[in-house]
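Following: one structure in structure tokens, then a few remarks.
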Amino acid sequence: MEGWDPTTKSTLTQIPLLSVKAGPRDGGAWTQRLKEEYKALIAYTSMNKAKDNDWFRISAANPEGTRWTGKCWYIHNLLKYEFDLQFDIPVTYPATAPELELPQLDGKTQKMYRGGKICLTVHFKPLWAKNCPRFGIAHALCLGLAPWLAAEIPILVDSGMIKHKDDASSSNES
Amino acid sequence: MEGELKELLSDIKTLKNSLPDRSQYALIENGQGSVQKSGGFVKNFIVKCSIQDMNAEVVDSNPYSRLMALQKMGIVDNYERIREFSVAIVGIGGVGSVATEVLTRCGIGHLLLYDYDTVELANMNRLFFRPKQAGLTKTDAAVQTLSDINPDVVLESYTLNITTVRGFETFMSSLRNKSFCSSKDGCGVDLVLSCVDNYEARMVVNQACNELNQTWMESGVSENAVSGHIQLLIPGKTACFACAPPLVVASGIDAHTLKREGVCAASLPTTMTTRWELLPGLLVQNTLKYLLKFGHVTPYLGYNALKDYFPTMEMKPNPQCSNSACLERQKEYALAKPARDAAAKAKMEAEAPSETKCLHEDNEWNIRFSAGGYHPRASKCR
């Protein structure tokens, strides 16, 4: 796992791994997988709270568990910036990772695809593929979203692309 | 119609010149003006009208004259069959949009287009889309342009993301749908072309085609942006897209060699124009060879822009492929082998050259055919 920063690495190793290799079209097996996903997410969130780094909330937006929405936040210069988070579970999950989206930041940074899909580091996809099906949503957040926020938000704030909601305009606007 | 208007104009002129009473001139000139305007209107509206059958006549007004020539020259048997074929194109970007245009101009019967993106000015470095289409979805813009170029093509477009559960279901049912040609066996389409720009979408097309036992072709530009390729995938017979994991995973190449510092793939200007025009050409050429059964359909053709190198290869399926549908197709393909071998044998026997009957035993000029070749000593001329 060269190329990852040590905190990410150590956090990742503590998130429980998943075992059921099932996607949203696999009926009963998908329900099993969802249970494992929730377990891993709860464990990851508890870890974050214990380290005083509770940085996201997500929940399934539909009963099938194929669409997830929530919020994530990042603290920069003592200010907390909050963003909407959403993603769909692709049909080829878990072979392919979900494409995490921050719709409010669409168009504000080059490190983003259409619709606010964050651009992940080169290391992410190979690591995900090697660890399929052990990695799940919690791992995607830890390996994908957290480093992205850490890399991009400071730049966006310092360059004025986003403003804190307590300023004249909220972080929702440019 | 243009010709008739020209005639009308010249008649009016003659009439005007023959009138002794000049008071009516204004009225006539008005009439002339209207006819001229109509003529201009008609010129802008010369549309290609739908035709019943493709005809091979080499005249200016026949849009298929140059294509039917392929048949006359013996390259293709029965070119008009192209009107029976249905091709699905996933991804209407730099490669996909050009592929749709080429197939449309070739007179393909039915095209299904899939993309969820919109046209932007940043797309203008590639062919097909026009600046005034910025803001339209790529599918709408494509249908707009293609239906104008050739109204004979039946166009079906889907503005959706095939990787979501709902998008995938629509994708699958549209491929299965046989309303264009109900006599097809298997799917309603003859070929699927993947012209997408990401691994996830390719995996989804792979999944769909493995499940439907649908032959497809994949095209792509490598991450290092200096080479491209097209690939033919026949579920069970050739490797599927999941059989061989992408380069970076398999061979442990340092990921940094794929991405230069500071250039995020999301904004990578994949704009080497030699590739964007070349790749769809290669893709459609392979498509036509596959559909119309001429030439050799390449299983894989690469293009290295830096060295002008075109490697080809064949990829066999992976018996441990992670895709269960692929494994099923492999099993079916193996089981069908005896039937295939028997059919191939029968075909070879049917094509075996029979004893050619001699047409002319003798002729009045005493010309003889010597099977032995040229013998200089036998020549009477010195």
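The values are calculated or read from the model by the stated rules, or taken from the named source; none is laboratory data. The shown structure was predicted, so the numbers you read here are calculated from the model rather than taken from an experiment. Positions of Cβ are backbone-derived with ideal geometry, glycine not excepted, and every protein chain shown enters the neighbour counts. Each accessible area value is taken on the protein alone, full model and side chains, heavy atoms only, with ligands, DNA and RNA left out. Shrake-Rupley method; radii C 1.70, N 1.55, O 1.52, S 1.80 Å.
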Legend entry - Only listed residue being touching a His at 6+ places or on another chain (Cβ under 7 Å) and open to solvent by 60 Å² or more (accessible area, probe 1.4 Å), chosen from A:L12, A:L17, A:L79: A:L79
Inset, instruction - Give me a count of the residues in region A:116-144 that are open to solvent by less than 30 Å² (accessible area, probe 1.4 Å), facing chain B (nearest Cβ under 10 Å) and part of a helix (DSSP H, G or I). - result: 4
Inset, instruction - Select from region B:168-201 the residues that are within 14 Å of chain A (Cβ to nearest Cβ) and within 22 Å of A:M112 (Cα to Cα) and list them in ascending order. - result: B:V196, B:D197, B:N198, B:Y199, B:E200, B:A201
Legend entry - Residue selected from region A:102-115 under the condition part of a helix (DSSP H, G or I) and surrounded by fewer than 21 Cβ atoms within 10 Å (Cβ to Cβ), by the criterion farthest from the other protein chains (Cβ to nearest Cβ): A:Q104
Inset, instruction - Among residues belonging to region B:1-34 that are open to solvent by less than 100 Å² (accessible area, probe 1.4 Å) and among the polar types (S, T, N, Q), point out the one that is nearest to B:S61 (Cα to Cα). - result: B:S10
Inset, instruction - Check whether at least one residue in region B:343-353 is open to solvent by less than 100 Å² (accessible area, probe 1.4 Å), in a loop (DSSP other than H, G, I, E, B) and modelled with pLDDT under 80, and report yes or no. - result: yes
Legend entry - Pair list, Cβ < 8 Å and 6+ apart or interchain, from region B:317-328 residues that are surrounded by fewer than 17 Cβ atoms within 10 Å (Cβ to Cβ) to residues that are among the aliphatic types (A, V, I, L, M): B:P319/B:L327; B:S322/A:A95; B:S322/B:A242
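Just the residues that are polar (S, T, N, Q) and in contact (Cβ under 8 Å) with a residue 24 or more places away in the chain, please, taken from region A:33-75.
Within region A:33-75, the subset polar (S, T, N, Q) is A:45-46, A:48, A:53, A:59, A:62, A:66, A:69.
Correct list: A:T66 only.
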Inset, instruction - Evaluate region B:101-118: report whether one residue or more is on the phi > 0 side of the Ramachandran plot, part of a loop (DSSP other than H, G, I, E, B) and more than 14 Å from chain A (Cβ to nearest Cβ). - result: yes
Legend entry - Number of positions in region B:197-216 that are of a type in the set (A, V, I, L, M), under 22 Å from B:L301 (Cα atoms) and surrounded by fewer than 24 Cβ atoms within 10 Å (Cβ to Cβ): 2
Inset, instruction - Give the residues of region B:179-196 that are surrounded by 15 or more Cβ atoms within 10 Å (Cβ to Cβ) and of a type in the set (S, T, N, Q), sorted by residue number. - result: B:S194
Inset, instruction - Restricting attention to region B:98-136, report how many residues are open to solvent by less than 30 Å² (accessible area, probe 1.4 Å) and either in contact with a Pro (Cβ under 6 Å, 6 or more places away or on another chain) or hydroxyl-bearing (S, T, Y) (or both). - result: 5
Inset, instruction - Kindly check whether there is at least one residue in region B:144-154 that is of a type in the set (D, E, K, R), free of Cβ contacts under 8 Å to residues at least 60 places away in the same chain and open to solvent by 30 Å² or more (accessible area, probe 1.4 Å). - result: no
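Let's see how each residue does on (1) within 11 Å of chain B (Cβ to nearest Cβ); (2) of a type in the set (F, W, Y); (3) assigned to a strand (DSSP E or B):
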position	(1), (2), (3)
A:A40	no, no, no
A:A43	no, no, no
A:M47	no, no, no
A:R57	no, no, yes
A:P63	no, no, no
A:W68	no, yes, yes
A:Y74	no, yes, yes
A:P94	yes, no, no
A:I153	no, no, no
Inset, instruction - State which residue is farthest from B:D190 (Cα to Cα) when the search covers only region B:272-326 and only residues that are within 14 Å of chain A (Cβ to nearest Cβ) and in a helix (DSSP H, G or I). - result: B:S324
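Select, from B:E4, B:E84, the only residue that is of a type in the set (D, E, K, R) and either at pLDDT 80 or above or at positive phi (or both).
From the options B:E4, B:E84, the qualifying one is B:E84.
Is it true that some residue in region B:165-178 is part of a loop (DSSP other than H, G, I, E, B) and either modelled with pLDDT under 95 or open to solvent by less than 30 Å² (accessible area, probe 1.4 Å) (or both)?
Yes, region B:165-178 has at least one match.
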Inset, instruction - Would you check if B:P20 is within 23 Å of the chain's Cα centre (by Cα), in a loop (DSSP other than H, G, I, E, B) and modelled with pLDDT under 85? - result: no
